1. Identify the single condition in (1) farther than 17 Å from residue 261 by Cα; (2) at pLDDT below 85; (3) more than 21 Å from the chain's Cα centre (by Cα) that residue 131 does not satisfy, given that it satisfies every other one.
2. Report, by residue number, each residue of the stretch 159-174 that is touching a residue at least 40 places away in the same chain (Cβ under 8 Å) and either over 27 Å from residue 247 (Cα atoms) or buried (at least 22 other Cβ atoms within 10 Å of the Cβ) (or both).
3. On the basis of being exposed (fewer than 14 other Cβ atoms within 10 Å of the Cβ), at pLDDT 70 or above, closer than 30 Å to residue 160 by Cα and touching a helix residue (DSSP H, G or I) at 6+ places or on another chain (Cβ under 9 Å), does residue 177 make the cut?
4. With the structure loaded, tell me whether residue 221 is surrounded by fewer than 19 Cβ atoms within 10 Å (Cβ to Cβ), modelled with pLDDT of 75 or more and more than 18 Å from the chain's Cα centre (by Cα) or whether it fails that test.
5. Could you check, for the stretch 59-77, whether at least one of its residues is modelled with pLDDT of 85 or more and crowded, with 23+ Cβ neighbours inside 10 Å?
6. Filter the stretch 52-83 down to the residues that are part of a helix (DSSP H, G or I) and closer than 22 Å to residue 181 by Cβ and list them by number.
7. Can you tell me which residues in the stretch 1-31 are within 30 Å of residue 95 (Cβ to Cβ), surrounded by 12 or more Cβ atoms within 10 Å (Cβ to Cβ) and free of Cβ contacts under 8 Å to residues at least 24 places away in the same chain?
8. For the stretch 162-190, how many residues meet the condition of being more than 20 Å from the chain's Cα centre (by Cα) and in a helix (DSSP H, G or I)?
């Protein structure tokens, strides 16, 4: 590593934060959109718990998901049926919360690259001695730090909401190993993956909306996992979560190499003119 690399990376990070947080629209998206996603999840669960009876929930596909959850957590049977369904709903949040770093990272990746080109700021940056990996690492870090902070803040807000809606016994089931694996492993890994997908999308398109449409595809597997878990097709226990984390880590390495390869600084400048 060049001795000037940390300094160059730091400059990229500071530039990204100045451009983002001095823009009220971008700052509002980073701060309020994650909170809106979290409050929406709590509101939906609250409405279901308040207005749906245990019998009506048992007559849906959710019963399959509850049966699978009961087999992995035998002590769950000590709770009332409606409380068991609450645990089922709350247990989806470690996956649902991944939407937050995905959205923030893709926004950072697409706007920080494409808007720089549109405003004529990318060419001077690419003409500097900063290397491609330094540039991408700086931009990824600039997007990852706010994404991680906001995700963890929203996780705390969610726990406060769980404690307010349900009984104290439910909170102990929510704070499962899957919860910590998601926050400490999945969130950082998915953040990096989302950013690199955003970089690849930005390398192939000329406007932020098109790049975001390409990068947003990562949201589909997240929603698919939630649907499969609540309907009883899969159980995201500790072992499965660790396997998924390893797979995402390997995928990150592959996507990182692809992003560096596709982000050809000279060809990007030529193609975007």
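The values are calculated or read from the model by the stated rules, or taken from the named source; none is laboratory data. As the structure is a computational prediction, the values presented were derived from the model and not from experiment. Counting neighbours? That spans all protein chains shown, and the Cβs are built from the backbone with ideal geometry, glycine included.
1. With (1) farther than 17 Å from residue 261 by Cα; (2) at pLDDT below 85; (3) more than 21 Å from the chain's Cα centre (by Cα) applied to residue 131, the lone miss is (1).
2. Step one: filter the stretch 159-174 for residues touching a residue at least 40 places away in the same chain (Cβ under 8 Å), giving 161-162, 165-167, 169-170, 173-174.
Passing the criteria: 161, 162, 165, 166, 167, 169, 170, 173.
3. On the way: exposed (fewer than 14 other Cβ atoms within 10 Å of the Cβ): yes; at pLDDT 70 or above: yes; closer than 30 Å to residue 160 by Cα: yes; touching a helix residue (DSSP H, G or I) at 6+ places or on another chain (Cβ under 9 Å): yes.
So residue 177 fits the description; yes.
4. On the way: surrounded by fewer than 19 Cβ atoms within 10 Å (Cβ to Cβ): yes; modelled with pLDDT of 75 or more: yes; more than 18 Å from the chain's Cα centre (by Cα): no.
Spelling it out, it is not the case that residue 221 is surrounded by fewer than 19 Cβ atoms within 10 Å (Cβ to Cβ), modelled with pLDDT of 75 or more and more than 18 Å from the chain's Cα centre (by Cα).
5. no
6. 65, 66, 68, 69, 70, 71, 72, 74, 75, 76
7. Looking only at the stretch 1-31, we keep the residues that are within 30 Å of residue 95 (Cβ to Cβ), and these are 13, 16-17, 20-21, 25-31.
Those still in the list that are surrounded by 12 or more Cβ atoms within 10 Å (Cβ to Cβ) too: 13, 16-17, 20-21, 26-27, 29-31.
Correct list: 21, 27.
8. Narrowing the stretch 162-190 to residues more than 20 Å from the chain's Cα centre (by Cα): 162-173.
Filter once more, keeping what is in a helix (DSSP H, G or I): 162-165, 168-173.
Summing the residues that are more than 20 Å from the chain's Cα centre (by Cα) and in a helix (DSSP H, G or I) in the stretch 162-190 gives 10.
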